[in-house]
1. Using Stokes-Einstein with the Kirkwood hydrodynamic radius over Cα pairs, what translational diffusion coefficient do you get for the range 1-106 at 37 °C and a viscosity of 0.692 mPa s, in µm²/s rounded to a whole number?
2. Please compute the contact order of the range 134-242 in relative form: average sequence separation of alpha-carbon pairs under 8 Å and at least six residues apart, divided by the residue count, as a percent.
3. Determine the relative contact order of the range 1-158: mean sequence separation of Cα pairs under 8 Å and six or more apart, normalised by residue count, in whole percent.
4. For the modelled label position 7 Å from the Cα of Asp54 along Cα-to-Cβ, which residues of the range 180-201 have backbone nitrogen atoms closer than 18 Å?
5. For a protection proxy built on the mean count of beta-carbon atoms within 10 angstrom, sort 232-238, 17-23 highest first, please.
6. What's log10 of I(q)/I(0) for the chain at q = 0.13, 0.17 Å⁻¹, Debye sum over Cα points only, no solvent?
7. Peptides 242-249, 150-157: what's the order by average Cβ count within 10 Å, highest mean first?
8. Would you calculate a helix-derived [θ] at 222 nm for the chain, using -39,500 (n - 2.57) for each DSSP H run of n ≥ 4 and dividing by the full residue count, to the nearest 500?
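The values are calculated or read from the model by the stated rules, or taken from the named source; none is laboratory data. None of the values given here were measured: they were computed from a predicted structure. Note: ideal-geometry Cβ built from the backbone for every residue, glycine included; neighbour counts use all protein chains shown. Heads up: the accessible areas ignore ligands, DNA and RNA and are worked out on the full protein's heavy atoms, side chains in. Shrake-Rupley method; radii C 1.70, N 1.55, O 1.52, S 1.80 Å.
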Amino acid sequence: MPIPRLPSTATGAEVADALRREGCAVVEMVAPALLDRVRGELQPFIDATPTGPDAFTGRRTRRTGGLIARSPTGRDLVTHPVVLGAVGAVLAHATTFHLHLTQVIAIGPGEPGQPVHRDQWAFDFFPFPQGYEVQCNTIWAMTDFTEENGATRVIPGSHRYEDRREFAYADTEPAEMPAGSVLFYTGALYHGGGANRSSQTRYGLNVTYALSWLRQEENQYLSTPPEIARRLPEPLLRLMGYARGAYALGYVDDMRDPLDALRASSSSTMGLGDLSAATARVRS
């Protein structure tokens, strides 16, 4: 089946409907210049990132995270209303969802195709029930995605397939799209990075979201230092995980809201010295 393609006017609900049907969709989302700006902010970090250690991560591929801390412009992509609308609809069966991963995937020339997989296998290969989506993902095309330069390969409809299946590269099709577009796909969709047979690096920004009761692939609390996090807007912080994942998940010490704990001043927060003293009093 062909990959669903939606216009730039598509709503989150329309994207979610395509994802329910085929597990993936391409939307021409923003002007390429916006992605150029994000890439410019991240380029020093990309240049300093080593290539992958194995065939899965890619020995000619650089994977650079920490988008929230490193790219002010990129924060707007993470909270794009169409993206959050689609994610919220796909993952509506759970109380909340949170940011799972931010990563520039720079596939260098000569990189072979990535093994076909499901992203939700990151959760220790847990066999989630068929039809129960735990992730909703995006790949923003920072450069044009073509079959030649390593466009992400997908198998439309495979989010309904049984788990642990194996597929060959030839079973997939390239999600070709111009810069500024977004490939949406669910955590259950079989896919993989394409082989780069061109002379140029293919840049894509992978931003993924998952149910809040599942551990994040990228640790957002350490990837974004507290001194930066305290200056971020509340909706973004909540999305990063500074919120309860459900009724009793993620509170701090005496059932404090995580955001209150983050923003607490040093004078109102018990330091290590105070904690040691309090412990000694209890033991005495």
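1. In µm²/s, the coefficient is 210.
2. In percent, rounded to a whole number, it is 39.
3. Relative contact order comes out at 30 percent.
4. Counting only backbone N, you get 191-193.
5. So the order, starting with the most tightly packed, is 17-23, 232-238.
6. -0.87, -1.44
7. In descending order of packing, they fall as 150-157, 242-249.
8. Computed mean residue ellipticity for the chain: -7500 deg cm²/dmol.
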